[in-house]
Each structure stands twice: as structure tokens, then as C-alpha cells.
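Trainee: This structure is in C-alpha cells; I'll ask about it shortly.
The values are calculated or read from the model by the stated rules, or taken from the named source; none is laboratory data. The model shown is predicted, which means the values in this text are computed figures rather than measured ones. Don't worry about glycine lacking a Cβ; one is built from the backbone with ideal geometry, like all the others, and counts go over all protein chains shown.
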Amino acid sequence: MSDYNIIGKRMPRVDSRAKVMGKVRYSADIKLHGMLVGKIKRSPYAHARILSIDTSKAENLPGVKAVVTGKDTEGVKWGVFGYTRDQQFIQTDKARYIGDEVAGVAAVDEDTALKALDLIQVEYEQLPAVFEPMDAMASDSELIHEDFPNNINIHVNIDTGEVDENFKKAHYIREDTFTAPEESYFQAEPYAVVARFDEDECLEVWCPNGGPHMKSKPLSNSFKLPLHKVKIKKIAIGGAFGGRSEICPADYICALLAKKTSAPVKIIFTREENTIATRQGHAMITTHKTGVDKEGRVLARDTTCYMDGGAYSSTGPIATTVPFLSMEQAYRMESVRYNGYRVYTNKPIRGMIRVHGRGFACGLDTQLDMIAEHLGIDPVEMRLRNSRQPGEYTNTKSLVSSCAMDETIHKAVEKSGFKEKWGKLPPFHGIGIGTNSVQTGFPMGIRGGSQSFIKFNEDGEATVMTGVVDNGQGNDNMVVQIAAQELGLLPEDIHLVSADTETTSSDPGSYSQVSTFVGGQAVKNAASNCKKKLFDVAAKVLKVEPDTLKAENRLIFVKDDPEKSIPIKKVVRISLLNFNSVNAEGGYWPKVDMKREWVSNPYGQMCEAFSFGTTIVEVKVDPDTGEVEVLEVTASQDVGKALNPLVLEGQFEGSIAMGGQGGMLTEYHEWHEGRCVNPTMLDYKLPLACDMPKINNIIVESIEPKGPYGAKEAGMSIAMSAAQGYSAAVSNAIGVHMDSFPLTPDKILTAIKNKKQQDTAK
Amino acid sequence: MEKLQITLNINGKDQALLVQPNDTLLEVLRDELDLTGSKESCSEGICGSCTIQMDGKPVRSCLTLAMEAQGTKIKTVEGLANGDELSNLQQSFIDHGAVQCGICTPGMLMSADALLSETLNPDDTTIRQALSGNICRCTGYSKIVEAVAHAGKPEKSCPDCQTKE
Amino acid sequence: MRLPGFEYLNPQNLDQTLDMLAEHKDEAKILAGGTDLLVRMKKGLLAPKYIISLKALDSLSYIKDESDCIKIGTRTPIADIIASKPVQKHARALFQACEKIGAVSIQHYKGTIGGNILQNNRCHHYNQSDFYRSGRQACHKDGGKICYAREEADRCNSTCQSDGATALMALGAGLTLAGKDNKREVELANFYTTDGIMPFAMESQELLTEISIPKTNGESAYKRLAYRSAIDYPIVCAGVLLESDNSDKIVRARIVVGAMGRAPLLLANAASKLKGKDMNDQATFKDAATAAMSSAAAFAVHNVGSTLEYRCAMVEEMVLQALKEI
């Protein structure tokens, strides 16, 4: 596989030079002539009917250029799916959470815009609000959305049959319930959007996005503009983690203000707005009932999960399913039944997040550890007996082609010294293992594929056009790396045009771990097609057959006789002199089951590849304070093929910080009557440099036959398994299997005290 | 509100400016001088994305009044490189993969640069402490700490240190 | 987030500062490092008409090692205190507390000891944005009549989370307050009201100028608990001071618990358990720590994170750890 001179190398990212110089522009950095400041008026009530809105005072304030309310909209409801269209971009009838959009203003400066917000008078009639899914389902007061009885937004039911029969055959059965509250993305960049209508009445928008084409469609619907007149522009993005994937009401409000004022408008969210008015992770209550045979193999599992979805659907059907998918991909089960309920509450909207379902996943692994303990099996063996193997089908009928789950386990076990440490560590010192699997992509219908264009310039350099967006994870570099490798150029020879709806084709976006697999593959195919054209010309010059040629370092040469070569630049010029430009297109459409649907038909090929990850964590717990010191984390993932180990390690390490250190120890939201008590960076506890442990990265390559160079997804199954590894390690240290996450010192101390009392009682 | 005339010395250059008393240094840098390298991420002095240097010390510009910055030598991320020539620290950030989304990077660089100007060979703990006021959501900090440790001091055992001949 | 408008005043010496304070009284606020004041202003918790900057008052930045005390000017950066040999030697609790304030990059310039002592009380129902606080009744500290942290409370239960004040109170520190026509000294322990709305017993025209830490034969220590090892305010903290005679008998003890009430709590009852006991009597330490916990528990409400039960339990632990360290 060392056939590559660029792929697989530790290549520093192409975007990092501009970033370390402070030159890169993010949405908030944009300045346009005559630009106005936009602000959004939000509901201070969790559930309230809007009786009237008086904007006259605000409109009369000097410096205010426009005020918009629901009246300016067509009352159109938006939703990711046809059956989830439940959200207006500005509310007309009622507000459903504290932060819901009720009006927008544009003014000459921020001070004026803020004053104007205060002058907008909204008359509300407060309605009874519900803040917990169980309360919401039982509530007999006004529904949050009238078409959804019991406030149940989505119900996903998966049943592969024979669950009850298999429970009867089981040697040992456990049923346990696990809970975890909401968490948040806390992207370093607070949400910001700039919009203007250009001289051709095209709408131009700059904003963080998980895929520009996912933004243009709803905007084109709302403004009744053809798609080509909505231009989502390329812009640097400061983190996403799943929280930038959909249209944001602010995009629409900003565009509406721009339309009304005929001026560019910029809206920048406060940190609090970014927390409450973009997306959050779902709080979940998960019950796993598992039956195993004598060897610990899972015969039957019945899982029920209640998710607090907040006020609107968002990606509800996907969100309700994904925790289940990770489970069925990572572990074999003879039979399984799943009931996932996403329930509306009067809280901020919940979306997909990097560790989606920490309580679900950690609960699953905790229960496996409990079963293992009962059977006298160690946690590693327990996982190996249930781990996914290549060539198998998941319960919902997805073929898993490449899979090195076992190798990730073995390598992490060896590196961490798990076997030597398990059961032999001093008191309050623990080690734990977590394993998980993440899907590379979802069935996305007409938006499931990606297409790329490449054109050569006369100087022998190439322009690559792709819809792939970089949220900060390094997708721009990934695309350049692939194009350079394939075309035989150097990375600096590639000019990238990406994530811009005007110039690039549709792409599934960067939120289903699919950028490399689909978008990267499309670029590879386009480059390969382009290379063929170069080879045809070069072959004639070199008087050889095209298939004897290879391109590398700006040269095309004969594989078996490298002295026989011609510069690519020269090939391009020869081609042009012969009336042929050098360009090509290429695409990739994953062969998924298009009939698979999240709710109506949750069976069939989900995606083409799955990643597998193992994280082993070693901790020391202070028995007097319940504080956790993480000594070492070993992360091992089957990524298919590491295109760039430098970038990949960064994904592992960031995953451990977010999924493990933050997600399992400190991060959660606290509420007071629908208000998010900790929306800020002071009160929401993100991990700091001084608190992060030593990390060992292990890259496992299974070479996925369908992936570009064998690549799959990078880092997500570490984020998930890190959460599981952290919780397992803490449980091991204190001798109590924890069922409420994250594992904050107060919970740990209580568990230690209760155990002490029980032990004394015995 | 009445604007006041002040002079700020930024990246070695005196700049005459008209500001309001309630303008923060961050707002003036970004909005008046178009030095948008410094970022506003939390706006309350926690995340460190707005960190600049005043007289060589890292300072949060979101909690510094522009008025209060008079008479100090201000350095921003835009002033780290010498023209097109990056500082060792900047180059090290690139080489070690310490940059992901890039929002925390400018502040991180300014804190680290201040540390390196005071401490020649900071150990891991010292670096982590010096960066404890700069929050990064992407990297897990490992590569940032490595980049600071190896800035201008290539380590043979490090696969990412450029050993330029 | 935007700061509200104000007039910026830049006095060049102490007299000018005190004149301005005397003239503008409640309408003026003192700006030292700004880490507390400016954030509260951004959140709309206050909007002073005048900001009086201490920027030019280098005369308030000093550490003097005198024969019977250490004197610290209130504008002294936290970093200078951490680096001070006399502080490390005679006031270890303060040194340990200062090490924990903010982050390294805040301690040298933005964080001043005066600012740390005068940081306003906090409450997670109050230290929120204008938007957060809209759509509900105002709490006591916000000009209203209710308390979201403790039902039916007739006054504000905001919490003092100052590391510096807790340590300094344990050390028996005194403060110098200067007004235009008067100057007074007050024990830090007597500096607090029992009112969370205005926690400090000082007049609006007064300026905190100096902290004086008496030198004793005793040893002091400070322990705190927070979510993370930097940035965060403590959710519980303890400062202790023990003085012993030649035979290792404790002759004087001070136990102060912070982040549990409207002010750092000087717990005489807990300290009395130690008097006359042996310096190495660990069982007595435990008694004192338990007593500290029961006293402090009466004051605390759930308003600065974690759980109340946990914070109360941790009072005992922090006091015990601090005592053991001596």
C-alpha cells in the first residue's frame, strides 16, 4: 500500500497557514459595504400563545432599518422530512421554548439593534409547559404541536422477531435503566450569518453549515427562488459536531431583513443564543433488557428509549434511530426489539451530536460488564464474544463488509496493559473498556451522492470543485490530498473550490461521517478521469501505452522506466495545442437501500461502511471527594485506511476530550423551568488543557473495499467508545456500576458511600 | 455617544482611533482595524479566543476597554509573523496538526508565545497551565501542547518536527 | 456582547480617585482588571454612569514585607502575590488561593487581589443575560422580591465565591478603606453585610486601598473544590490558620469556609474544637471539620453548581484537608 506518496502521510493541513496568521475569515469576520446589524427577538416564555406584536416603536427608532415578524413570512413550516414539517422560522401563533424566534430587526449598529429589540412589544398568553418527556407524554394540557398526540414526535419501532422466544431460552437476563441529561456542542465559533441580495436578485448567504446544499433548499422554498438564485458561499467554519447540519431560523431572518432593507445584514449569536437557539444533544432515558446464553452471547435484547426532543422535530427520525444503529453495528444480537420515542418538550431543539446517546451507549456497555461479572467473564472476553465480524449483516439487514473490531480490541488491550491491570489495581483505581461502531453515511435520497469537477490550468495546476464542506475537521485538506495523489501533483498545485452552492454540485454534507467516503471518493473519481486524459496525451508523446504510466510529483512517467517521463504542465500545454482542454468530472453515489426509511421501513442497507472503535481508560478516583483523575486513555479505531495520520490523531484526541473527559465527567445542562441555567462557557464545563490525560492513538486499517484508498469514517467511534470507556473505568474504580451519566463527583461520592453502607450491612 | 480620540500601538504601529468608552479592545481591533484574527467566542473572559498581548503578557481583549489599552504595546496574532515568514511557534502549530477549526488558534498562539518568551523549555505541565485559560473544542489539546513544546526546538523522536537542513 | 455606555474617568492619583468617588457615589464603579465588573455589565446586571479606572494608580500595586505584617496594595496582580516570597512564607493560604484564581493568563494583569475580594456575589439564577432574566419576576438582587435559589426567602442568597477573601479571612487580614475625607481600617471578617444584594460593608465613596496580613507564628492552608483545575470559581473552599505553642498545643485556630454563604464564613465553633489540642491530633481535626460542615450547611443554597448535598459534604473534606496540610 506504500504506493502512495501523499495519501497515508502526515501532511500538515493546507488551511493551517492562514489560520495561524489570523487571516482566515469566518462568517462573523465578513464586512460588506453598508452592512447592517441584525438581532433576533426571542420568546422569554416556554409555551405561550402570541396574541399581538407591536413593532411601531422599534420601527420609529432612528437607525432601525427594518423589523420583521411572522407576518412577513408565508407561514411556511419547515422540517427535514415531509412528515416532520413543524417549525416556522418566525413564530406566528405560539412560542414553544424559551428562545423561540418571534421577530428580527436590522439597524445601523449593535446598540441600536439591541434597543429596538426592547421596543418590540409582544403580548403573550402563557400556556402550561412541560419540561420532561415522561411528563410531556402524560400531560393533558395543550399539546406542543396539535398534530402529535401525547407530544410524541417520533416513534421508531424495530423488531427483528423472536425476541420473546429467545428471552425464554436465555441463561441470564438483566434489565437496567440508564439516564443522561442534555449536552451541547459548544462549537468555538458562535453561530453567525451574513445575507444579502446581489444585483441579480440572487440571495447570497455566508454561515456555518454542515453542507451548503442543505441550506439552499429551504431558503429557496421560503423565498420562492429557484435554487440557482440561492448562493450559500464558502466560508471557514469554527466547529460543528453535528450542530450545524440544518437550516437555522436566523438564516431566514437574516435574509428577510436583507431583502426588506436592500442591504447586507449580519447576525452574530451570543454564546447563550448558540447554546439555546441552535441545537443541543437529547436527554435520554434508556432501558436495556438483555438475555444471554451461558457463554455471555446476546440472544435477545429489548431496548426502549425516551428522548427529550425539545420543541421541534429537527432531525428527529434520524436522532431516534442512531443510538440503536451504533448498538446493532458494534454487537451481534440473535434478536432485538427497539422502541425509540422522541418526545416534544418546551425546551430548546435537539439534534444529532458527536456522542449521540451517551446514556444509551454507556448503559449498554455497563450492562454488558454487569452480565460479564455475573458469568465470571472479563469485559474484554465479553466483548470479543459479541463483537461484530466482517461479512455479517446487522439486525436491520446492513452488510458489514470491512470490520476489524476485534483487532481494535486486541491492540488497545495490549497497549493499555488491560489484562495485567484488570482486577489487580489498587482500591479506587480502575480500568474500563468501551467499544462502538459508527455508520459512514445515511440513505439520503437525491442528496446521497457527491460530484466533483476538475480543470487543469495552462501552468499545470488544477482546480478542484467539490461540495464537500470543512467544518474544521480538515475536509479541505482531505480533498486536496486525494486530488494531488490521484493527479500526480503536489498539494500546493491544487486550487480548491468547495462548499459553495453556485459552483459546486450537491454533496451529502459533513454530518453523517460521510465526507471522505462519498465526497472524497467523488474527487478521486474525477481526478482519475482527468488523469486518463493526461495519460492519453502523454502516452502518445512517450510512445507507450497509457496503462504503463504513472503520475507523481508533477511528472508522468513510465512505471517500469521512470527516466522516461514528461512534466504534467507540458502534457497540459500539448493537449491545449491539440484543441483539447484537460478537465473531467467524477461522482460517487453509495449503494444504499433507497427503500430504507427511518420510521416506515427501518430495514435494508444503511450505508456502505462502518467504523469500529475501542477505547480503554484508566482512572483514579478520590474516595473523599469523588473526583476523577484520568491517568491514560488508549484509543484504537478501524478507520479503513488512514489518509492522514496527523489529522486522524487529532480527531481521536478531540473525540476523547468531547466524548470522554467532557461528556462523561463534566458536561451537562441544568434547567430551571425551561431556562438553561448554564448556557455559557463559564458554567458549562468544557475540558481544559490542564485536565486532559495522556492519550495513546492506535490506527487500525481494515481497507474498506468501497472506500477511497480503503478509508471509512475517522474519529466518531472513538468519541462514542471513549464515553463508554470512561464510565466503565470509573465503575471499575469504585466497584459500582453507574446508571446515571455524566459521572460527576457528587454521584460518584454517593455511590461510594452507598456501597460502603451495603458492604457494612453484609 | 461622543467618540474619543485615542492612540493605540498595535503590532508596532501607532494607530489613531475614535472610540466610545464602552468599546472593548476586541471590538476596536475587529471592527475598526479589521484585525479579525482575534475572535469573540464567549465574550466573558473564559475561553481565551480573544487573547492578545499587552506589553508581552497575554490579555483577554473582550474584557479590556480600548481606552485602557493606551500606552501599552499591543500584539495580535496578525503581528506574530515577520511578513510572510512565520514564527517558530506558528510553524510548529502547522507541522504538529495543532490547528483544526482555528477559532481558538489565535488566542492559543498568543498565550503560548507569551509563555515561550518567558520560559525557555517549558515542560508539559507548565505548557498546559499556561494554556488553561484557552479553551479548544476540537483538538483535545495534545497536538497544541506538542506544538508549543517543540516550537523552534525540533525533537528527533517527533514525527512532526521539521528537521530542516 | 456589548457593554452599556458610560463615561470613562481616568484619575491620575489616589486623591483624584477619591474626589471622583465622592462626587459620583453610587453612579460610579471602580474598574481594576474588569473580569468581574465588565462581565456583569455585559449581562446588564449593572450600568454605571461612570467608570473610574485604576489604570494610572500604580501606587496601589505593591507588596510590603513589614515587621509585623504584610501589606498588599489592592491593585496588585494575583501573579505578583503568587511570586511573593513573604506571602509564600507568612501567608501560605493566600498563596494557595491565588494560585487557583482564574487561569495563569488572567492572574498577571486582569486579576487583582482587590478585585478578587470585591467580586460580587454570584448565583446561577442571577448571573445571567438580560434575556434569561426576562419573562419572569425579578429576584432580590435584580431589584425584585423573590429568590429562585431558596423558596420563600425574604432576602438574597447569592454566594461569595472569592478564593482570596476566604484565605485572607483565615489569616485574620484587615482592610484599609479610603474616602475623600476619611480613612478607616476594618477587619475583613467584619467587612460583610448579611445582604446578598450588597455584600460589602463599604460606602459608595470608599475605595479599598490596602490589605494587611498580620504575621503570626502560625501556619495557614487553603483548599478548594471546583469542576476544573483552572478558570472555575470554587463551589466550596476552606482557609485555616493554626498557631501552636512550644509543646505543639494549638493556641489559636481560625477556620473559614467559602462559597457556601453570602460571605466567607468564619466558624468559631468549629475552631474552638481545636484549641488546646495537639497539632498532630487528627481525630480533633475531623471533629472540627464536621462542626464546620454543620455550621456552613445552614447558609448554603443550590446556586453555584453541583448539588447542595455534595457541597455540604465537601466542607468537611476541604477543612480536613487544609488542617492536615499544616
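Trainee: Which of the residues spanning segment C:206-231 are outside any strand (DSSP E or B) and in contact with a strand residue (DSSP E or B) (Cβ under 9 Å, 6 or more places away or on another chain)?
Mentor: First, the residues of segment C:206-231 that are outside any strand (DSSP E or B): C:206, C:215-218, C:226-231.
Correct list: C:E206, C:K215, C:T216, C:N217, C:G218, C:A226.
Trainee: Another question, if that's okay. Got a sec? Which of B:S132, B:S92, B:S111, B:S87 is in contact with a Ser or Thr (Cβ under 6 Å, 6 or more places away or on another chain) and at the interface with another protein chain (Cβ under 10 Å from one of its Cβ atoms)? Explain how you work it out, then say what you get.
Mentor: Numbers: B:S132 fails: in contact with a Ser or Thr (Cβ under 6 Å, 6 or more places away or on another chain); B:S92 fails: in contact with a Ser or Thr (Cβ under 6 Å, 6 or more places away or on another chain); B:S87 fails: in contact with a Ser or Thr (Cβ under 6 Å, 6 or more places away or on another chain).
None of the other options fit; the residue is B:S111.
Trainee: I've got another one for you. For segment A:285-292, indicate whether the set of residues that are polar (S, T, N, Q), buried (at least 23 other Cβ atoms within 10 Å of the Cβ) and in a strand (DSSP E or B) is non-empty. Can you show your working first?
Mentor: Step one: filter segment A:285-292 for residues polar (S, T, N, Q), giving A:286-287, A:290.
From what is left, the residues that are buried (at least 23 other Cβ atoms within 10 Å of the Cβ) are A:286, A:290.
Okay, now just the ones that are also in a strand (DSSP E or B), so A:286, A:290.
Within segment A:285-292, one or more residues are polar (S, T, N, Q), buried (at least 23 other Cβ atoms within 10 Å of the Cβ) and in a strand (DSSP E or B).
Residue-by-condition table, conditions (1) among the acidic types (D, E); (2) modelled with pLDDT of 95 or more; (3) under 26 Å from A:K41 (Cβ atoms):
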residue: A:D86; (1), (2), (3): yes, yes, yes
residue: A:D100; (1), (2), (3): yes, yes, yes
residue: A:D118; (1), (2), (3): yes, yes, yes
residue: A:E125; (1), (2), (3): yes, yes, yes
residue: A:F131; (1), (2), (3): no, yes, yes
residue: A:F148; (1), (2), (3): no, yes, no
residue: A:T160; (1), (2), (3): no, no, no
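Trainee: Residues in segment C:228-267 that are under 26 Å from C:I197 (Cβ atoms) and either of a type in the set (A, V, I, L, M, F, W, C) or more than 14 Å from chain B (Cβ to nearest Cβ) (or both): how many? If you could, list the steps in order and put the result at the bottom.
Mentor: Step one: of segment C:228-267, the residues under 26 Å from C:I197 (Cβ atoms) are C:232-239, C:256-267.
After this cut, where a residue has to be either of a type in the set (A, V, I, L, M, F, W, C) or more than 14 Å from chain B (Cβ to nearest Cβ) (or both) as well, the list is C:234-239, C:256-267.
The number of residues fulfilling the criteria is 18.
Trainee: I need a count of the residues in segment A:222-270 that are among the basic types (K, R), surrounded by fewer than 23 Cβ atoms within 10 Å (Cβ to Cβ) and either touching a Lys or Arg at 6+ places or on another chain (Cβ under 6 Å) or not in a strand (DSSP E or B) (or both).
Mentor: Filtering segment A:222-270 down to residues among the basic types (K, R) leaves A:224, A:229, A:231, A:233-234, A:244, A:259-260, A:266.
If we keep only those that are surrounded by fewer than 23 Cβ atoms within 10 Å (Cβ to Cβ) too, we end up with A:224, A:229, A:231, A:233-234, A:259-260.
If we keep only those that are either touching a Lys or Arg at 6+ places or on another chain (Cβ under 6 Å) or not in a strand (DSSP E or B) (or both) too, we end up with A:224, A:229, A:233-234, A:259-260.
Result for segment A:222-270: 6.
Trainee: Read through the list (1) out of contact with any Phe, Trp or Tyr (no Cβ under 8 Å at 6 or more places or on another chain); (2) crowded, with 20+ Cβ neighbours inside 10 Å; (3) more than 16 Å from C:L118 (Cα to Cα), then give the number of the only condition that C:Y62 fails.
Mentor: (2) is the only condition that C:Y62 fails.
Trainee: Let me ask something else about it. From the list C:L46, C:L14, C:L3, pick out the single residue that is surrounded by 21 or more Cβ atoms within 10 Å (Cβ to Cβ) and either away from every other protein chain (no Cβ under 14 Å) or free of Cβ contacts under 8 Å to residues at least 40 places away in the same chain (or both). If you could, list the steps in order and put the result at the bottom.
Mentor: Working: C:L46 fails: surrounded by 21 or more Cβ atoms within 10 Å (Cβ to Cβ); C:L14 fails: surrounded by 21 or more Cβ atoms within 10 Å (Cβ to Cβ).
Of the residues listed, the single one that is surrounded by 21 or more Cβ atoms within 10 Å (Cβ to Cβ) and either away from every other protein chain (no Cβ under 14 Å) or free of Cβ contacts under 8 Å to residues at least 40 places away in the same chain (or both) is C:L3.
Trainee: Right, another one. Only residues that are within 9 Å of another protein chain (Cβ to nearest Cβ), hydrophobic (A, V, I, L, M, F, W, C) and assigned to a helix (DSSP H, G or I): list them for segment B:66-80, please.
Mentor: Within segment B:66-80, B:M67, B:V77 qualify.
Trainee: Please determine whether any residue of segment A:697-704 is hydroxyl-bearing (S, T, Y), more than 10 Å from chain C (Cβ to nearest Cβ) and in a loop (DSSP other than H, G, I, E, B).
Mentor: Restricting attention to segment A:697-704, the residues satisfying the condition of being hydroxyl-bearing (S, T, Y) are A:702.
When the remaining residues are screened for being more than 10 Å from chain C (Cβ to nearest Cβ), the result is A:702.
Okay, now just the ones that are also in a loop (DSSP other than H, G, I, E, B), so A:702.
Yes, segment A:697-704 contains at least one residue that is hydroxyl-bearing (S, T, Y), more than 10 Å from chain C (Cβ to nearest Cβ) and in a loop (DSSP other than H, G, I, E, B).
Trainee: Among the strands (runs of 3 or more DSSP E) confined wholly to segment A:1-112, which include 2 or more residues that are among the β-branched types (V, I, T), more than 30 Å from A:E597 (Cα to Cα) and more than 14 Å from every other protein chain (Cβ to nearest Cβ)?
Mentor: A:64-69
Trainee: When both residues are 6+ apart or on different chains and their Cβ atoms are under 9 Å apart, which pairs have a first residue that lies in segment C:139-165 and is under 15 Å from C:F299 (Cα atoms), and a second that is at pLDDT below 95 and of a type in the set (S, T, Y)?
Mentor: The qualifying pairs are C:R155/C:T194.
Trainee: Could you go through segment A:657-669 and let me know if any residue there is within 14 Å of chain B (Cβ to nearest Cβ) and either surrounded by fewer than 24 Cβ atoms within 10 Å (Cβ to Cβ) or closer than 30 Å to A:A484 by Cα (or both).
Mentor: Taking every residue of segment A:657-669 in turn, at least one turns out to be within 14 Å of chain B (Cβ to nearest Cβ) and either surrounded by fewer than 24 Cβ atoms within 10 Å (Cβ to Cβ) or closer than 30 Å to A:A484 by Cα (or both).
Trainee: Here is a further query. Here are A:A236, A:A255: which of them is closer than 30 Å to A:A723 by Cα, touching a strand residue (DSSP E or B) at 6+ places or on another chain (Cβ under 9 Å) and in contact (Cβ under 8 Å) with a residue 60 or more places away in the chain? Outline the logic, then answer.
Mentor: Numbers: A:A255 fails: closer than 30 Å to A:A723 by Cα.
Result: A:A236 is the single residue among A:A236, A:A255 that is closer than 30 Å to A:A723 by Cα, touching a strand residue (DSSP E or B) at 6+ places or on another chain (Cβ under 9 Å) and in contact (Cβ under 8 Å) with a residue 60 or more places away in the chain.
Trainee: Looking at this structure, is A:F579 among the aromatic types (F, W, Y), out of contact with any Gly (no Cβ under 9 Å at 6 or more places or on another chain) and modelled with pLDDT of 95 or more? Lay out the reasoning, then the answer.
Mentor: Numbers: among the aromatic types (F, W, Y): yes; out of contact with any Gly (no Cβ under 9 Å at 6 or more places or on another chain): yes; modelled with pLDDT of 95 or more: no.
The answer is no for A:F579.
Trainee: For segment C:131-149, name all the residues that are within 13 Å of chain A (Cβ to nearest Cβ) and surrounded by fewer than 15 Cβ atoms within 10 Å (Cβ to Cβ).
Mentor: Start the filter on segment C:131-149 by keeping residues that are within 13 Å of chain A (Cβ to nearest Cβ), which leaves C:131-139, C:146-149.
Residues satisfying the conditions are C:Q137, C:A138.
Trainee: Moving on. Looking at segment A:638-656, which of its residues are under 17 Å from A:G474 (Cβ atoms) and away from chain B (no Cβ under 14 Å)?
Mentor: A:V639, A:G640, A:K641
Trainee: On to the next question. I need the full set of residues from segment B:33-53 which are more than 11 Å from chain A (Cβ to nearest Cβ) and either surrounded by fewer than 22 Cβ atoms within 10 Å (Cβ to Cβ) or without any contact (Cβ under 8 Å) to a residue 12 or more places away in the chain (or both), in order please. First the steps, then the outcome.
Mentor: So the first thing to find is which residues in segment B:33-53 are more than 11 Å from chain A (Cβ to nearest Cβ), and the list is B:33, B:50-51, B:53.
Residue satisfying the conditions is B:L33 alone.
Trainee: Let me spell it out: the conditions are (1) on the phi > 0 side of the Ramachandran plot; (2) touching a residue at least 24 places away in the same chain (Cβ under 8 Å); (3) surrounded by 17 or more Cβ atoms within 10 Å (Cβ to Cβ), and A:G22 meets all of them except one. Which number is the exception?
Mentor: Failing condition for A:G22: (2).
Trainee: Cβ contacts < 7 Å: first residue within 11 Å of A:G238 (Cα to Cα), restricted to segment A:205-216; second residue of a type in the set (F, W, Y) and modelled with pLDDT of 95 or more, any location; separation 6+ or different chain. Result?
Mentor: What qualifies is A:P208/A:Y191.
Trainee: Quick check on my filter: what residues within segment C:104-123 are within 14 Å of chain B (Cβ to nearest Cβ) and either free of Cβ contacts under 8 Å to residues at least 40 places away in the same chain or more than 25 Å from B:S61 (Cα to Cα) (or both)?
Mentor: Listed by number, the residues that qualify are C:S105, C:Q107, C:H108.
Trainee: Please list, ordered by first then second residue, the pairs with beta carbon atoms under 6 Å, 6 or more apart or interchain, first in segment A:175-192 and within 12 Å of chain B (Cβ to nearest Cβ), second in a strand (DSSP E or B).
Mentor: Partner pairs satisfying both residue conditions: A:S184/A:Q280; A:E189/A:Y26; A:A192/A:I268.
Matching residues to (1) within 23 Å of A:Q451 (Cα to Cα); (2) outside the structural domain of A:E461 (by TED's automatic domain parsing); (3) part of a helix (DSSP H, G or I):
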position	(1), (2), (3)
A:G509	yes, no, no
A:G519	yes, no, yes
A:N529	yes, no, yes
A:A539	no, no, yes
A:I556	no, no, no
A:P562	no, no, no
A:K570	no, no, yes
A:D593	yes, yes, no
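Trainee: Tell me yes or no: at least one residue of segment C:162-171 is among the hydrophobic types (A, V, I, L, M, F, W, C) and surrounded by fewer than 24 Cβ atoms within 10 Å (Cβ to Cβ).
Mentor: Start the filter on segment C:162-171 by keeping residues that are among the hydrophobic types (A, V, I, L, M, F, W, C), which leaves C:165, C:167-171.
Imposing the further condition that a residue be surrounded by fewer than 24 Cβ atoms within 10 Å (Cβ to Cβ) reduces the set to none.
No, because not a single residue in segment C:162-171 is among the hydrophobic types (A, V, I, L, M, F, W, C) and surrounded by fewer than 24 Cβ atoms within 10 Å (Cβ to Cβ).
Trainee: Might you check whether a residue that is of a type in the set (A, V, I, L, M) and either within 21 Å of B:G45 (Cβ to Cβ) or at pLDDT below 95 (or both) occurs anywhere in segment C:173-192? Reasoning before the result, please.
Mentor: Quick first cut of segment C:173-192, residues of a type in the set (A, V, I, L, M) only: C:173, C:175, C:177-178, C:186, C:188-189.
The next check asks that each one be either within 21 Å of B:G45 (Cβ to Cβ) or at pLDDT below 95 (or both); those that pass are none.
No, segment C:173-192 has no match at all.
Trainee: Are there any pairs with C-beta distances below 7 angstrom linking a residue in segment C:90-103 that is within 14 Å of chain B (Cβ to nearest Cβ) and among the β-branched types (V, I, T) to a residue that is part of a loop (DSSP other than H, G, I, E, B) and buried (at least 22 other Cβ atoms within 10 Å of the Cβ), with the two at least 6 apart or on different chains, and if so which?
Mentor: Partner pairs satisfying both residue conditions: C:I101/C:G111.
Trainee: Continuing with this model, one more query. If you check C:A178, C:A201, which single one turns out to be more than 27 Å from C:E317 (Cβ to Cβ), hydrophobic (A, V, I, L, M, F, W, C) and in contact with a Leu (Cβ under 6 Å, 6 or more places away or on another chain)?
Mentor: On the way: C:A201 fails: in contact with a Leu (Cβ under 6 Å, 6 or more places away or on another chain).
Unique residue meeting the criteria: C:A178.
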